[in-house]
Amino acid sequence: MLTVLEGSTFCISDDRGDIAAETSGFFAHDTRFLSRLVLRIEGERPLLLSSGRVGHYAAAFYLRNPPVNGLPHDALSVARERFVGTGLQERITVRNETMERLELDLSLDVGADFADIISVKQYDFALGDPLHAPELPPLAPATQEEQRVVIADAGGELRTRVAISEPFELAHGEVSFRLALGAHERWTVSLEALPTLDHAHAAAEGLEEERETRADVAAAWTLRVPRVRGGWESLRRAFDRSIDDLGALRMRSGDNRHPLFAAGMPWFMTVFGRDTAVTSLQTLLLGPELATGALDALAELQAEEEDPEIDAEPGKIVHEVRHGRAADLWFSRYFGSIDSTPLFLVLLSETWRWTDDTGLATRLHEPALRALEWIDRYGDSDGDGFVEYARRADGGLANQSWKDSGDSQRFHDGRLADAPIAPVEVQGYVYAAKLGLAEIAREVWRDRALADRLEAEAAALQARFEDAFWVPERGGFYALALDGQKQKVDARCSNMGHLLWSGIVGPERVATVVDQLLGEGLWSGWGIRTMSSDDAAYNPLSYHNGTVWPHDSALAAWGLARHGHVEPARRVSRALIEAAGHFDWSLPEVFAGYARDETPFPIAYPTAARPQAWAAGTPILLVRVLLGIEPDRARERLVTTVEDELPSWLEGLRVEAVRAFGRTWSIGVDNGRVTISEGV
């Protein structure tokens with residue numbers, strides 16, 4: 001499948017440009033406004049020559065005619081040029097490549113079912129259940145209005161208006177043209193599909209101007225972010241591809257149009273509290289604007305009252321936002337995430353460390369205090385000192401940590417854990433959130449009592465945590481979670497890497513955790529498996545029970561480096577970048593957990609999102625980890641934590657135009673040492 005997108009508007013088609021599969025379509029406002037767009041010549045689909053994306057918002061498909069109804073083989077060349085903005089624009093050019101006059105019928109099947117994106121997602125076997133998914137709506141009737149095809153749903157509120165530049169006939173959803181082409185003559189038709197959700201969301205006609213400015217917008221993004229030069233070519237290529245992928249995932253949210261990253265293609269082109277926060281943390285090297293935009297947007301969406309129908313309590317940060325028909329049939333806002341709230345606070349403190357922006361910390365004072373209150377009052381629902389989740393909303397998520405598939409919380413013997421569940425990594429997020437907010441409370445809010453209290457609470461949490469989550473068997477490790485009976489869910493999982501990143505691991509156990517993460521059970525050679533290969537539920541193709549998630553391994557690398565284990569951090573980082581090379585330098589959301597000595601390349605997970613935000617953020621974070629780049633807020637400068645000599649594959653690396661504290665910085669590797677200077 002081939003996807004082009006602009007913000008939360010996107011089109012999924014096959015490699016010939018056709019929209020025909022159950023999960024393909026043109027989507028806007030979380031609604032499918034075209035579920036069918038199939039090109040035919042003399043009743044047959046053209047044959048593929050080549051196709052590909054031309055930027056994240058455009059694609060081109062080059063085709064040839066099939067030998068049908070007397071048309072000579074390769075008599076026609078067909079080009080489909082597609083652009084996605086507020087609507088979908090397509091330009092189809094047919095050229096007669098022969099010396100003879102040719103007459104032919106060209107047609108387009110055009111249809112829309114106006115299905116909500118959540119229902120369509122059920123036909124993705126990785127995230128849904130195609131065998132038991134509810135039947136999708138039938139195609140709505142299409143009518144002709146002068147040079148337009150208008151498709152309206154039964155209620156009349158949803159419409160797709162397809163403007164067509166050349167005269168056509170419409171019958172039973174088929175738009176047809178009768179062509180007569182002289183030798184080497186070409187014919188072109190343009191279509192603009194414009195979605196209308198209601199009168200307030202009617203797309204304006206005239207996508208040509210959008211198309212002309214989109215390239216300038218994409219170029220401006222590329223020029224604004226840092227550039228990587230020299231050093232290891234693979235790292236440069238992965239970094240550059242991540243810049244492109246992240247550029248594709250930028251969107252704006254809320255009345256104030258805050259910039260932030262959507263979670264990923266195709267089903268998650270919207271605000272996701274957890275994903276948005278993690279990606280913003282990974283990419284602070286690119287500048288603070290998207291992190292600040294994410295914080296402001298999430299604060300605007302923060303829950304104000306208790307509503308069990310959407311798993312909301314006061315102060316909780318949103319999990320997912322939906323629009324259009326998806327909002328009507330599922331939730332417009334859903335709060336079933338146990339970690340979005342502490343991660344919001346971690347992002348706030350980390351963004352402040354990179355900017356020393358007291359205005360940001362002051363502006364988000366009240367949302368931060370509400371988030372803290374949620375952690376203590378609602379997050380810790382049973383008062384045991386740990387944050388746990390249990391679904392209350394009908395149709396909500398059963399598992400509400402980042403491993404949110406229904407079968408992810410398992411014991412070593414394969415049994416499923418019962419809610420309420422306290423995920424191990426979330427306790428680390430809470431620990432980091434309280435320490436980070438303590439610093440802001442002391443330095444910006446001038447609330448010493450709050451700062452002292454938060455530091456004391458973090459220390460108490462760390463002490464409780466060690467006793468409650470440590471499993472002494474199998475070399476010693478931290479359990480995946482505590483279940484509803486406070487039993488340790490004793491599968492060995494990658495979540496331990498998040499604990500190193502958050503800092504909650506006691507110094508006496510850091511080395512053991514490092515050995516576990518890089519041991520045979522969890523280390524695949526391409527990254528850290530989500531579950532150890534010696535656990536009963538391990539499956540290298542299971543979404544959260546044995547696959548490798550690049551962002552998960554990257555957070556572990558960050559944690560390894562934080563604790564001075566630089567060689568293991570480099571080993572993880574290098575493996576992830578090498579894996580990226582097998583995915584055209586664009587790391588997918590997830591790939592299979594097969595051992596590297598079993599497969600000559602990492603094995604793709606069939607329906608992994610790509611681009612996906614925190615996978616795209618991984619190479620950006622790895623550059624920071626490899627060079628030890630950290631902000632020194634007290635002196636308002638960037639520093640490096642690397643004390644040893646860097647490996648030869650990093651020699652000559654340059655990272656230019658890094659923005660922090662309102663200034664730009666240049667970072668390089670010379671003679672095995674990291675140098676940082678102000679200016680490009």
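What follows is calculated from the coordinates using simple rules that are stated; it is not laboratory data. Everything numeric here is computed off the predicted structure, so don't read it as measured data. Quick reminder, even Gly has a Cβ in these numbers, built from the backbone with ideal geometry, and neighbours come from all protein chains shown.
Three principal axis extents of the chain based on alpha-carbon atoms, in descending order, are 82, 58, 50 Å.
Tell me whether segment 249-296 comes out rounded, prolate or oblate; compute the Cα gyration tensor, take square roots of the eigenvalues as a ≥ b ≥ c, and use a/c under 1.5 as the rounded threshold. Because a/c hits 1.5 or more and a/b fails to exceed b/c, segment 249-296 counts as oblate.
By its C-alpha gyration tensor, with a ≥ b ≥ c as the square roots of the eigenvalues, how is segment 239-366 shaped: rounded for a/c under 1.5, else prolate for a/b larger than b/c, else oblate? Note, shape of segment 239-366 comes out oblate.
Fully extending the segment from T358 to R227, taken as 0.36 nm per residue of separation minus the present Cα-Cα distance, adds 44.4 nm. Ranking T3, A312, F239 by Cα position along the charge dipole of the chain, where only Lys, Arg, Asp and Glu carry charges on their C-beta atoms, puts F239 farthest toward the positive end.
Each Lys or Arg adds one and each Asp or Glu takes one away; over the other residues whose Cβ falls under 14 Å from the Cβ of E300, this sums to +2. If you take all other residues with their beta carbon under 13 Å from the beta carbon of Q409, and give Lys and Arg +1 and Asp and Glu -1, the sum is -3. I want to make sure I understand the PRE zone here: with the label point 7 angstrom from the Cα of T599 toward its beta carbon, which residues in segment 558-587 have backbone N atoms less than 18 Å away? Backbone N within reach: 575-587.
Each Lys and Arg contributes +1 and each Asp and Glu -1, all at the Cβ; summed about the Cα centre of segment 517-661, the dipole is approximately 460 debye. With a threshold of 24 Å on the Cα-Cα distance, the over-threshold entries among K121/K316; K316/K434; K121/K486 are K121/K316; K121/K486. As a proxy for reagent exposure, S553, S502 were ordered by neighbouring Cβ count within 10 angstrom, fewest first; the result is S502, S553. Between W549, G406, T222, the Cα set farthest toward the positive side of the dipole of the chain (charges on each charged residue's Cβ, about the Cα centre) is that of T222.
When W558, W402 are arranged by Cβ crowding within 10 Å, least crowded first, meaning fewest neighbours, the order is W558, W402. Taking the Kirkwood radius as Rh and the Cα radius of gyration as Rg, segment 574-679 has a ratio of Rg/Rh equal to 1.06. Of all aspartates and glutamates in the structure, those lying under 13 Å Cα to Cα from K403, and not within fewer than 8 positions of it along the same chain, are D275, D339, E425, D552, E589. I want to make sure I understand the PRE zone here: with the label point 7 angstrom from the Cα of E306 toward its beta carbon, which residues in segment 392-414 have backbone N atoms less than 16 Å away? Of the residues in segment 392-414, 392-393 have backbone N under 16 Å from the label point off E306. When +1 charges are put on Lys and Arg Cβ atoms and -1 charges on Asp and Glu Cβ atoms, the dipole computed for segment 1-131 relative to its Cα centre reaches about 300 debye.
Put simply, the C-alpha atoms of segment 2-213 give a gyration tensor, and the ellipsoid matching it has half-axes of 29, 19, 17 Å, longest first. Helix 424-443 versus the longest principal axis of the chain: what angle, 0 to 90°, nearest 10, using Cα atoms? In the chain, helix 424-443 runs at an angle near 70 degrees to the longest axis.
Note on V471, V175: ascending count of other Cβ atoms within 10 Å places them as V471, V175, the fewest first.
At an R0 of 35 angstrom, the distance between the Cβ atoms of A171 and S50 translates into a FRET efficiency of 0.60.
Just to confirm the number: angle between the C-alpha axis of helix 289-300 and the first principal axis of the chain, 0 to 90 degrees, nearest 10? The angle comes out at about 80 degrees. When only Cα pairs below 8 angstrom with a gap of at least 6 residues are kept, segment 1-148 shows a relative contact order of 22 percent. When peptides 335-345, 281-291 are ranked by their average number of other Cβ atoms within 10 Å per residue, the highest-first order is 335-345, 281-291. For the chain, adding -39500 (n - 2.57) for each run of n ≥ 4 DSSP H residues and dividing by the number of residues yields -9500 deg cm²/dmol at 222 nm. By definition, a body whose alpha carbon gyration tensor gives a ≥ b ≥ c is oblate when a/c is 1.5 or more and a/b is not larger than b/c, and segment 538-587 fits this oblate description.
Quick one: angle between helix 566-581 and the longest Cα principal axis of the chain, in degrees between 0 and 90, rounded to 10, please. With rounding to tens, the tilt is 10 degrees.
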